[in-house]
Amino acid sequence: MAQKEGTAAGDSSGAKGVPAGGVVVAVREKKGPLRAAIPTMPFPLAVICLFLNTFIPGLGTFISAFTVLCGARSELTAERGVCCVFWLNVAAALIQAATAVIMVGWIMSIFWGMDMVILASYRDQGVPQDV
């Protein structure tokens, strides 16, 4: 049984693409500690880290670890502290570098850099970090 998309008969809101009588539900992604430790940096620095992670797996992540010590925030900073977040990022960089030989670390490193850029774009747009 499929729901038909479009406006309901007599609905004057004009909303298209929303199921008639449907409910909008917000979904929040649950992140592991390594993913939640990615710092929110200025956009140009995030792009540089993505570039470095693309060509030297783990290097951009290693540099991003030091941005935590310079004041960059992450989702874990409040609950675990700056030092723990720093070491989680260093551990992620070492995992990326060590597993780059079998391509897993290289792919992880690129995705990590893309997450840095996404978080930086949220920061520049003023969107809350937990989106």
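The values are calculated or read from the model by the stated rules, or taken from the named source; none is laboratory data. Quantities reported herein were computed from a predicted structural model and do not represent experimental measurements. Glycine also receives a Cβ, built like all others from the backbone with ideal geometry; neighbour counts cover every protein chain displayed. These area figures cover heavy atoms from the full protein model, side chains too; ligands, DNA and RNA do not enter into them. Shrake-Rupley method; radii C 1.70, N 1.55, O 1.52, S 1.80 Å.
General observations
- Heavy atoms of Trp106: accessible area, 1.4 Å probe, square angstrom to 10: 90 Å²
- Leu69-Val24 FRET efficiency (beta carbon distance; Förster radius 35 Å; 0.05 resolution): 0.30
- Rg and Dmax, both from the Cα atoms of the stretch 23-70 and both in Å, are 13.8, 45.
- Solvent exposure of the stretch 38-130 amounts to 52 Å² per residue of accessible area, where only protein heavy atoms count and the probe is 1.4 Å.
- Label-to-label distance, nm, for residues given as Phe55 and Val104 (7 Å Cα→Cβ offset): 2.7 nm
- Which of Phe51, Phe43 is most accessible, then next, and so on - probe 1.4 Å: Phe51, Phe43
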